[in-house]
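The values are calculated or read from the model by the stated rules, or taken from the named source; none is laboratory data. Worth saying up front: this structure is predicted, and the values here are computed from it rather than measured. Quick reminder, even Gly has a Cβ in these numbers, built from the backbone with ideal geometry, and neighbours come from all protein chains shown.
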Amino acid sequence: MSSPSNPAIRLMHQHKINDNCIHIDKTSFDECERQILQITRFFFLAFHHPETHAWISAYKTSEKNFNTPYGATIANAVQIALNILCGTRGAGLNYHDPKCETCIKYITLHEHCFIETLYFIRKLNKFGAKENAIILCEGMAENKFLDAMNKLATIIEEYHTHKIKMPFYDNINIKRMH
Ligand SMILES: [Zn+2]
């Protein structure tokens, strides 16, 4: 019998797509929210299997998708929200393996609730955000979780605002070079 610590056993993966999962293209989530979902999955994996050191991938993914200094700041904001959620919630959370090209195309109910909280905050729909937060937090400390998600949404907004202004800053730098 193989030991559970056998690397070959740990690398085995079975797709976990069931009837409760929906295809990512059937959601209203934009590219940014999909990137946050992938970062979230790496943190779920890191909490579930610390030996994977998946928080490194969470930060790397965030740095790759959001320019410095926003990448690390956004990953940190996701982690803070998840810390609050996992500290509040009694039951486990279903997530998909971020390294499986098949599973990442589908979203679990819990992942959907998490990203939809952010989606509704970004759409200024407080009621929708709170409804998802209550489900995720099982009615406990959802306001603390919502505060953390609001901070994440604020940083994302700042990132996009900064991106829009980037050509302006680039022009200033070019002028200074001469
Ligand atoms: Zn899979």
Taking segment 72-116 and keeping residues of a type in the set (Ser, Thr, Tyr) and either within 16 Å of the ligand (Cβ to nearest atom) or under 11 Å from the mean Cα position of the chain (by Cα) (or both) leaves 95, 102, 106, 108
**Item:** Boolean, residue 64 is modelled with pLDDT of 95 or more and more than 16 Å from the chain's Cα centre (by Cα)
**Value:** no
Within segment 1-26, restricting to residues that are part of a helix (DSSP H, G or I) and modelled with pLDDT of 95 or more, the one that is nearest to residue 79 (Cα to Cα) is 24
Condition set of a type in the set (Val, Ile, Thr) and surrounded by fewer than 17 Cβ atoms within 10 Å (Cβ to Cβ), scope segment 53-72, selection nearest to residue 155 (Cα to Cα): answer is 68
Taking segment 125-166 and keeping only residues that are farther than 19 Å from residue 111 by Cβ and in contact (Cβ under 8 Å) with a residue 12 or more places away in the chain, one is left with 140, 141, 144, 150, 151, 155, 157, 158, 159, 160, 162, 163
Exercise. Is it the case that residue 112 is modelled with pLDDT of 95 or more, more than 23 Å from residue 145 (Cα to Cα) and of a type outside the set (Ser, Thr, Tyr)?
Worked result: no
Of the residues in segment 81-114 that are in contact with a strand residue (DSSP E or B) (Cβ under 8 Å, 6 or more places away or on another chain) and surrounded by 19 or more Cβ atoms within 10 Å (Cβ to Cβ), the one that is nearest to residue 23 (Cα to Cα) is 106
Here the residues within segment 53-82 that are polar (S, T, N, Q) and either closer than 10 Å to residue 36 by Cα or in contact (Cβ under 8 Å) with a residue 24 or more places away in the chain (or both) are 57, 61, 62, 65, 67, 73, 79
With the first residue restricted to segment 101-124 and required to be within 15 Å of residue 82 (Cβ to Cβ), and the second required to be more than 16 Å from the ligand (Cβ to nearest atom) and of a type in the set (Phe, Trp, Tyr), Cβ contacts under 7 Å at 6 or more apart or on different chains are 115/29
Within segment 42-61, residues among the polar types (S, T, N, Q) and within 14 Å of the chain's Cα centre (by Cα) come out as 57, 61
